[in-house]
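The values are calculated or read from the model by the stated rules, or taken from the named source; none is laboratory data. Since we're looking at a predicted model, the values are computed, not measured. Cβ coordinates were reconstructed from backbone atoms using ideal geometry, including for glycine residues, and neighbour counts include every protein chain displayed.
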Amino acid sequence: MGAKVTFNGSLDITKIAKSKALADELEPLADTVLAAMERDPNEAYVESLVKKTFVSSGRRGRISWQVGAHPVIGARVEAKRGTAARALGEAGL
Amino acid sequence: MTFIAPSKFPSSDGKIVTALRVGLTARGWSAGLTATRTLPATKTRRMVTVRNDSGPQQVSRSVRRYGVNLWCDNSVAGESPTVDGEKFALDGMSVLQTIADGRPIARMYEFSGPYEIEDDVPYIVGGKSLAHFYFSFTCLVRGTSN
C-alpha cells in the first residue's frame, strides 16, 4: 500500500529552495537549536553564540543557517556537556 | 488504521564502549586503558568516556549523537602527550567506523574531530600530564516491532 503524488506543470527547484516561503518555514528550526544552546550554564559560551544566514547562488542554490559558538569555547563545552548535539536532538534534527 | 507499526529501540552504549575497549587494545593501546561511560574514580594513563547525547526517533530508526572524550599520556620517550593523544583519538574514530552490523547499529556517520581540549586542571597519572581530545559522531540504530 502506498501513495503517489504528481505535480503538474513545471517546477523550478532553485526558486523553491531560495524562496522566502520555504525560509520562513525552516528558520524556526535554527531558532529552536539556538534557544536550546543558550540554556548552557557557561556564560562566555552563550555570549559567543551566533546565527548566520547564507544564501548560495547557482542551479543548486539554497538558504542555510549556521548556529555556533566561539571555536575554542565551543569545543570545550561540547566535550563536557554535548550542548550543540542535544540542541539538535531537541529540534528533531 | 495504523500504517506504521510502533518500534522499540535497543541500547547502543554498551556496544560502542566495548568496541572502543577491544579495538584500542588490538591497536596497541592496552596499557592503562579504561573505556567506560563515565570517568573512573581512579584515573589511568589512557581513558575513554562515551556520552550518549541522544536524538530523534524517526519511524524505525533512532538517530543518536555521541561524544567521546579521550585522555592519554605520552608512551614514546621524547614525544609529547599531544602527539600520542591525537593518535589515540584517531584510532578510536577508526575503530568505531567499522562496527555497524545492522543489528542494532545500522550506520555510523558524521564523524567530527578529534579536537584538542585544554583542561583547566590537567589530569596527571604516573607523573605525566594527560592530553585531552574529543570527537563526536552520529549513530543510526534500527528498531524492532513493538
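Report yes if some residue within the stretch B:111-122 is out of contact with any strand residue (DSSP E or B) (no Cβ under 8 Å at 6 or more places or on another chain), more than 21 Å from B:V17 (Cα to Cα), among the acidic types (D, E) and in a loop (DSSP other than H, G, I, E, B); otherwise report no. Yes, some residue in the stretch B:111-122 is out of contact with any strand residue (DSSP E or B) (no Cβ under 8 Å at 6 or more places or on another chain), more than 21 Å from B:V17 (Cα to Cα), among the acidic types (D, E) and in a loop (DSSP other than H, G, I, E, B). From the list B:V22, B:V59, the lone residue that is out of contact with any Leu (no Cβ under 8 Å at 6 or more places or on another chain) and within 18 Å of B:F137 (Cβ to Cβ) is B:V22. Give me the residue from the stretch B:34-87 that is at pLDDT below 90 and crowded, with 19+ Cβ neighbours inside 10 Å and, out of that set, farthest from B:P10 (Cα to Cα). Once the filter is applied, the top-ranked residue is B:P81. Search the stretch B:13-30 for residues that are within 14 Å of B:I99 (Cα to Cα) and pair each with any residue that is charged (D, E, K, R) and at pLDDT 95 or above when their beta-carbon atoms are under 8 Å apart and the residues are at least 6 apart or on different chains. Correct list of pairs: B:D13/B:R37; B:V17/B:R37; B:G23/B:D91; B:L24/B:R46; B:L24/B:D91. Of all residues in the stretch B:105-123 being in contact (Cβ under 8 Å) with a residue 24 or more places away in the chain and either among the small types (G, A, S) or loosely packed, with under 13 Cβ neighbours inside 10 Å (or both), which is farthest from B:R64 (Cα to Cα)? The qualifying residue farthest from B:R64 (Cα to Cα) is B:G113.
Only one of the listed residues (B:I117, B:I99) is farther than 30 Å from B:P10 by Cα and of a type in the set (A, V, I, L, M). That residue is B:I117.
Filtering the stretch A:11-49 to residues that are surrounded by 16 or more Cβ atoms within 10 Å (Cβ to Cβ) and part of a helix (DSSP H, G or I) leaves A:A17, A:A23, A:A30, A:T32, A:V33, A:L34, A:A36, A:M37, A:Y45, A:V46, A:S48. Scanning the stretch B:20-56 for residues that are farther than 21 Å from B:E86 by Cβ, within 14 Å of chain A (Cβ to nearest Cβ) and among the polar types (S, T, N, Q) yields B:T38, B:N52, B:S54.
Testing B:K87 on (1) more than 10 Å from chain A (Cβ to nearest Cβ); (2) in a strand (DSSP E or B), one condition comes back false. Which one is that? Every listed condition holds for B:K87 apart from (2).
Considered as a group, the residues in the stretch A:50-71 that are assigned to a loop (DSSP other than H, G, I, E, B) and of a type in the set (G, A, S) include one that is farthest from A:A85 (Cα to Cα), and that residue is A:G58. Only one entry in A:G58, A:G89, A:G2 is touching an Asp or Glu at 6+ places or on another chain (Cβ under 8 Å) and at pLDDT below 95, namely A:G89. Here the stretch B:124-140 is the region considered, the condition is being crowded, with 22+ Cβ neighbours inside 10 Å and of a type in the set (A, V, I, L, M, F, W, C), and the residue that is nearest to the other protein chains (Cβ to nearest Cβ) is B:F133.
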